[in-house]
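Visitor: Sharing a structure with you now.
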Amino acid sequence: MFPLYYVDRGIRLKYDEAFILLKRAQSFLLRSLLLSLIIGGLTVPLTSCGFVEKLQTANLLWKYTAPQKSIWSAEGAAETPQIQGDRIFYLGGYPWNNQIFLNCIDRATGKKVWSSDDEIKQFKLTDTQVFATARQDLFKREPGRATKVWVRAYDLPTGKLQWNRFVMAGIDGVKVVAVGEYVFCTSDNQLYALDKTNGKEAWVADSGVYPSIAPNLLITDKYIIAELQDRTIGFINRKTGKTEDKLVLNQIRADQARALIIDGDLLMVAGSDGTSTIVNISSQKLIGPVETEWISSKVHIEDSVAYFCNCNGKPAASQQISPQNDIFHFCALDLNTGKYLWKTRVDAVIKAKALILSDKVFVGTAGDGDNFLYTLDRKTGEVEKKVALENTLSGAILANGLIYVNAGSLLAIEPSTGKIVWQFKPQKFKMDSEPVFQNNVIYAVGQDSNLYAFNPVSEKKVATN
């Protein structure tokens, strides 16, 4: 057991001495602390330091602390890490000062291999290179005014800058959408390809793409499928940038957003007007429009069935969700027929994609006090279990027979019982983003912007932080 340090009320302490003692007590990670400081006759009670709790280190392999170039006044960036070989990559830092940097971490030791000197907005990986877009002056741009932004290439093993391409772009900047034979980028309604070795332009697509906050661009083996400026769905040749085919779907409003989701030959075009169209790319068969209402979650497609959460509201007009009035359902839609297999009422909005395990579906709500992990029957949608959680859920993953989610704490849950058998929470802020399981290790990032690596826990072991 950790020793308990305390201060007798009859002893007068200087403030700095008391502060040192408090830090010493915190370093031993007490579960609670009652400390009274008597400073010149003024008594200052410090009670219930709830964050000073016993730390379960049996499963924590290592922790990488993201560098801070300024004092943080709020939580930092937290995103799902990406793994490439023996390296882990993630963006960490403090967004309010544009201090978001790319970190390359050794997967075995948790030690830094390299970090970018440049602020980064997003990145893509190959076996040998990292392609990233600049974040500099991201919050200083004005609508309608073009400014210089950058696409950069780094050597993956060393972090050495290989090339740096300037792009004139508006407030939305530039985005690396995919990497294949070229680096495919979009900015200001243009789709173009850059040479991976030097950043020079290989081609500019003959059709402009429609700007959207929805993911309306996909990459296949042959095509880039994108929503074009004329609101058709275009099939753009990856090697030439030429539009080889177009699909004209149902009439839409000018302000309507459409998201593209693909699985094999099945393309789902989800519209913010509450309707979706299903396209079989090979046969050119169209199904729809299907009444899908507003889709709030990521769409997971498996065995030609789309799983998603929808809402009866009309966010295309209001752009707002009203949990008090809106009704949410989690649905299974057969993409071959356009018919619903089932719809299940849930308590609040679901944002992350579902986890499918054999005949079960696991989804988590993210409401105002209505945070639950649901276990649904995959065939019927019937609610089998409902576990209350304290915070918003990330997407769930499976590791060694247990379900892991970030819900303020990183939780391990038994699928069969819904019992929480393990949890971890940083001393500052919360866990966030979706965890990753690879090579029998779980990686997750917290709102402290630090990267944590854990051994998966045993189903029989109960440990808390």
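The values are calculated or read from the model by the stated rules, or taken from the named source; none is laboratory data. Keep in mind it's a predicted model, so treat the numbers as computed, not measured. Reconstructed Cβ throughout: ideal geometry from the backbone, glycine too, with neighbour counts over all protein chains shown.
Visitor: Determine if the stretch 139-147 includes at least one residue that is modelled with pLDDT under 90, farther than 19 Å from F235 by Cα, surrounded by 16 or more Cβ atoms within 10 Å (Cβ to Cβ) and within 25 Å of the chain's Cα centre (by Cα).
Guide: Checked against the condition, which is being modelled with pLDDT under 90, farther than 19 Å from F235 by Cα, surrounded by 16 or more Cβ atoms within 10 Å (Cβ to Cβ) and within 25 Å of the chain's Cα centre (by Cα), the stretch 139-147 yields at least one hit.
For every residue, the table says whether it meets (1) surrounded by 24 or more Cβ atoms within 10 Å (Cβ to Cβ); (2) modelled with pLDDT of 90 or more; (3) closer than 19 Å to K353 by Cα; (4) among the aliphatic types (A, V, I, L, M).
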residue	(1), (2), (3), (4)
L398	no, yes, yes, yes
G408	no, no, yes, no
S416	no, no, no, no
F437	no, yes, yes, no
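Visitor: Only one residue in T275, T243 is crowded, with 17+ Cβ neighbours inside 10 Å, modelled with pLDDT of 95 or more, β-branched (V, I, T) and not assigned by TED's automatic domain parsing to the domain that holds G364, so which one is that?
Guide: T243
Visitor: If I ask for residues that are assigned to a strand (DSSP E or B) and over 18 Å from I295 (Cβ atoms), which ones from the stretch 332-371 would you list?
Guide: L357, K360, F362, listed by residue number.
Visitor: Looking only at the stretch 410-451, count every residue that is in a loop (DSSP other than H, G, I, E, B) and on the phi < 0 side of the Ramachandran plot and tell me the total.
Guide: Here the count works out to 13.
Visitor: A follow-up question, please. So K386 fits all but one of (1) surrounded by fewer than 20 Cβ atoms within 10 Å (Cβ to Cβ); (2) part of a strand (DSSP E or B); (3) touching a Pro at 6+ places or on another chain (Cβ under 7 Å); what number is the exception?
Guide: Every condition holds for K386 apart from (3).
Visitor: For residues that are in a loop (DSSP other than H, G, I, E, B) and either among the β-branched types (V, I, T) or within 23 Å of the chain's Cα centre (by Cα) (or both), tally how many sit in the stretch 183-225.
Guide: 8
Visitor: For the stretch 73-100: of the residues being among the hydroxyl-bearing types (S, T, Y) and within 20 Å of K124 (Cβ to Cβ), which is surrounded by the most Cβ atoms within 10 Å (Cβ to Cβ)?
Guide: Y90
Visitor: OK, next. Go through the stretch 355-394 and report how many residues are of a type in the set (G, A, S), closer than 15 Å to F308 by Cα and under 23 Å from the mean Cα position of the chain (by Cα).
Guide: Of the residues in the stretch 355-394, 3 are of a type in the set (G, A, S), closer than 15 Å to F308 by Cα and under 23 Å from the mean Cα position of the chain (by Cα).
Visitor: If you don't mind, there's one more thing I want to ask. Given the criterion surrounded by fewer than 17 Cβ atoms within 10 Å (Cβ to Cβ) and free of Cβ contacts under 8 Å to residues at least 24 places away in the same chain, identify the matching residue among N198, N237.
Guide: Sole residue among the options that is surrounded by fewer than 17 Cβ atoms within 10 Å (Cβ to Cβ) and free of Cβ contacts under 8 Å to residues at least 24 places away in the same chain: N237.
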